[in-house]
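*Asks:* Pasting a structure here, questions to come.
The values are calculated or read from the model by the stated rules, or taken from the named source; none is laboratory data. Note that the structure is a prediction, hence the values are computed from the model and not measured. Don't worry about glycine lacking a Cβ; one is built from the backbone with ideal geometry, like all the others, and counts go over all protein chains shown. For the accessible areas, the whole protein counts, side chains as well, though only heavy atoms, and no ligand, DNA or RNA atoms are used. Shrake-Rupley method; radii C 1.70, N 1.55, O 1.52, S 1.80 Å.
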Amino acid sequence: VRSVPIVLGALSGILSERAGVVNIAIEGMMITGALVGAICGSLFGLWIGALAATIAGGLISLIHGFLSIRYKVDQIISGTIINIFTIGISSYIVTKILQEREWQYLNESGIFLPVGIPLLSKIPYIGPILFDHKIFVYSMYALVILLTIALFRTRWGLRMRAVGEHPKAADTLGINVFGIRYVAVVLSGLLAGFAGSYFSLGSAGYFNQSMTAGRGFIGLAAMIFGNWTPVGALGAGLLFGFAETLADNLQLLNFPIPTEILLMVPYILTMVVLAGVVGRSRGPAAAGTPYDKESL
């Protein structure tokens with residue numbers, strides 16, 4: 001369960017970077033999804049909240065797409081701007097609106113309840129672990145399978161990977177590089193927005209400003225550790241989720257290590273993993289490089 005937002009964040013990053021656009025704005029898109037999901041979930045129900053969160057992430061990703069694809073802004077700077085903007089605007093909305101007594105009903109969405117899959121959830125030991133969860137866990141399973149097939153077994157996936165590796169060669173073959181990249185970035189944002197709704201609609205039942213706690217960035221680390229593949233990202237996400245759960249459980253057991261040190265465990269693991277992987281793991285060759293069609 002703890003790995004779900006990390007894996008979804010990693011899948012979001014894979015979608016974008018496989019097409020050649022670095023997306024470090026996943027954290028900001030998650031925050032946006034969590035906020036919009038909480039408000040719309042409070043007003044119209046949980047399913048509408050999850051849908052609205054997904055769309056909100058897609059709309060934010062359009063900003064990143066226009067800046068980095070059309071205007072060729074440095075993709076790291078574009079993502080950083082979006083992160084700063086979303087943190088600022090969400091803080092403003094919480095402080096000026098959601099904390100006011102007359103508007104508190106906008107931040108009381110509740111959460112999805114677990115739904116056991118018939119027969120599978122009754123399997124001893126394995127059933128409750130894998131098949132008795134909320135929709136976010138099942139969505140993670142489905143998305144890992146779907147993206148693996150889409151990226152490596154379809155013509156669309158081949159074109160997307162070609163655009164991320166050698167956009168000029170893809171362009172000479174008649175592939176619309178800009179179109180592929182826009183679609184990839186928007187899909188990345190939709191997925192990040194859905195991942196954000198996990199925090200408000202799948203975990204807490206409300207929105208607060210620090211609930212994502214850097215999971216978008218940890219998701220990017222899981223993407224790199226998983227070598228830009230959905231299955232690899234799943235494995236890396238499970239590792240980071242395990243570290244987070246271990247830290248929480250050690251606190252409950254009054255383990256003789258300061259709480260502050262235990263809270264650092266997932267982030268320390270992230271740095272250790274990246275230190276060992278970066279340089280050995282090879283991402284898409286054109287990731288982070290704006291494409292200039294006129295130079296073809």
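*Asks:* If you build the convex hull over the alpha carbons only and average its shadow over all orientations, what do you get for the range 204-279? Give it in nm² to one decimal.
*Replies:* For the Cα atoms of the range 204-279, the hull's average projected area reads 6.1 nm².
*Asks:* If you don't mind, there's one more thing I want to ask. Which whole number of Å³ per residue matches the convex hull of the alpha-carbon atoms in the range 63-117?
*Replies:* 136 Å³
*Asks:* For GLU108, what accessible surface area do you get with a 1.4 Å probe? Give it in Å², rounded to 10.
*Replies:* Its heavy atoms expose roughly 120 Å² to the probe.
*Asks:* Here is a further query. List the chymotrypsin sites (Phe, Trp or Tyr not before Pro) within the range 1-88 that DSSP assigns to loop and that have no more than 16 neighbouring Cβ atoms inside 10 Å.
*Replies:* In loop regions of the range 1-88 (DSSP not H, G, I, E or B), the sparsely surrounded chymotrypsin sites (Phe, Trp or Tyr not before Pro) are TYR71.
*Asks:* Let me ask something additional. From the Cα gyration tensor of the range 92-225, with a ≥ b ≥ c the square roots of its eigenvalues, which class applies: rounded if a/c is under 1.5, or else prolate if a/b is larger than b/c, or else oblate?
*Replies:* Taking the square roots of the gyration eigenvalues as a ≥ b ≥ c, the range 92-225 is oblate.
*Asks:* With n ≥ 4 as the cut-off for DSSP H runs, can you work out [θ] at 222 nm for the chain, using -39500 (n - 2.57) per run divided by the number of residues, rounded to the nearest 500?
*Replies:* Here the helix-only value at 222 nm equals -20500 deg cm²/dmol.
*Asks:* Where in the range 1-103 are there trypsin sites (Lys or Arg not before Pro) that are in a DSSP coil and have at most 16 other Cβ atoms within 10 angstrom of their Cβ?
*Replies:* In loop regions of the range 1-103 (DSSP not H, G, I, E or B), the sparsely surrounded trypsin sites (Lys or Arg not before Pro) are LYS72.
*Asks:* By the gyration tensor of its Cα atoms, with a ≥ b ≥ c the square roots of the eigenvalues, what is the shape of the range 1-123: rounded for a/c under 1.5, prolate for a/b over b/c, or oblate?
*Replies:* Oblate is the answer for the range 1-123, as a/c is 1.5 or above yet b/c matches or exceeds a/b.
*Asks:* In whole Å, what are the Cα extents of the chain along the three principal axes, biggest one first?
*Replies:* That gives 59, 46, 42 Å along the principal axes, largest extent first.
*Asks:* Averaging over every viewing direction, what projected area does the convex hull of the Cα atoms of the range 152-269 cover, in nm²?
*Replies:* 9.4 nm²
*Asks:* Just the Kirkwood number for the range 162-201, please: inverse of mean 1/r across all distinct Cα pairs, in Å, one decimal.
*Replies:* About 11.5 Å, per the Kirkwood formula over Cα pairs.
*Asks:* Quick one: which of 148-156, 259-267, 48-56 comes out on top by average Cβ neighbours within 10 Å, and what's the full order, highest first?
*Replies:* 48-56, 259-267, 148-156
*Asks:* Can you give me the orientation-averaged projected area of the convex hull built on the Cα atoms of the range 87-139, in nm²?
*Replies:* 5.5 nm²
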